[in-house]
Amino acid sequence: MSTEVSQASYADLLENIQEFYAENAIVAHCPIANTKLKFKPLTVKQLKNFIELQVTTEKDEFGIIPGIDTVKHINQVILDNCTEVSEDMFHRLTPFDRDAIVLQLRAHVKDEADVVAGEQEIDTISLKSVVDKVHNVDLSSLDRTKTVTLEFNGGNIGLHLRIPNIVVDSAVNEHFKRKISPTLKKGKKRVEKEIDKVLSTVYFLELSKYIDNIQITKNGKTASVVFDDPGTLDASLELLEELPSSIVAEVSRYIGEVKEFRDSIFCYTDSNDKEVPLNVDISLFTGI
């Protein structure tokens, strides 16, 4: 007795694949946004793109633009694979949540990952323990927002900080890409001459991501500058450069606190029994 195999149409195959994705959806926990979202598993094409981006980044002598493009690509994967997309989704999700989503999508493909442990060493780790930390994270010690007030004669400066969302993060990245692209096109020697300027720009743009607004009050009048409007980012950065250095110190301190909290969640135990922060980037997708 023989079994007849029918020739399925391309449309039928795609429909069956989409049905598979729907039945095997991943429920990803987003800690800072305090929500769970359903995602289709990563496709072979997406994995292939991750590997290509990793190769491009390694080949680039500076790695600046590929790094920004990688984040943009990850955002697109989240948008394409989420089965519960809403208009405000990226306004609610933070880069912390993005790392959590990427980690959970990656762990669904394969629990093990190879990470660089030293100059010549590679550790093979289980991602499950890191995912478990993400699912059980205690946010009570994390300040999602922070206000610092600096007094001066006749007034004060109010610095309002918060963990940026993906929209703010992306807007600042694209702003920097537009500013740095003309310099990069002039070649390695030109960049080396202006490397101090490039690095200082990166530093201040990263600071700006965590500033919600700055309010200056004097004689009963208050002026406010917001930092989440891409159209006024240049003006905001100019103001930031004119402010007292103690402002920069407060922003930097807050970013350090957020990073320390982040690293306490996204970490693994290496072969020497030490807790090591895990870089959640496309390098996790090599070796699958």
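At-a-glance table
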| item | result |
| --- | --- |
| Exceeding the 21 Å Cα-Cα cut-off - candidates 38/177; 188/259; 38/209; 38/110 | 38/177; 188/259; 38/209 |
| Length added when fully stretched, residue 123-residue 225, from 0.36 nm per residue minus Cα-Cα | 32.1 nm |
| Fraction of alpha-carbon pairs over 24 Å apart in the range 179-288 - percent | 50 |
| About the Cα centre, charge dipole magnitude for the chain (Lys/Arg +1, Asp/Glu -1 at Cβ), debye | 860 |
| Pair residue 193, residue 263: separation of 7 Å Cα→Cβ label points (nm) | 3.6 |
| Most positive-pole-ward Cα, 160, 243, 181, against dipole of the range 118-257 from beta carbon charges | 181 |
| Set of aspartates and glutamates with alpha-carbon distance to residue 133 below 12 Å, sequence-local pairs under 8 removed | 263 |
| 0 to 90° range, to nearest 10: angle between helix 245-265 axis and the chain longest Cα axis | 20 |
| In degrees, nearest ten, helix 195-209 long axis to first principal axis of the chain (Cα) | 90 |
| Kirkwood-type radius of the chain, with distances r between different C-alpha atoms, in Å | 21.6 |
| Helix-only [θ]222 nm of the chain, DSSP H runs n ≥ 4, -39500 (n - 2.57) each, per residue, nearest 500 | -16000 deg cm²/dmol |
| Nearest-ten-degree value, helix 95-109 long axis tilted from longest Cα axis of the chain | 10 |
| Rel. contact order, % - alpha carbon contacts under 8 angstrom, at least six apart, the range 141-212 | 34 |
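Here, each number is a calculation from the coordinates, and none is a lab measurement. No experiment lies behind these values; they were computed from the predicted model shown. Cβ atoms come from the backbone with ideal geometry, glycine included; neighbour counts cover every protein chain shown.
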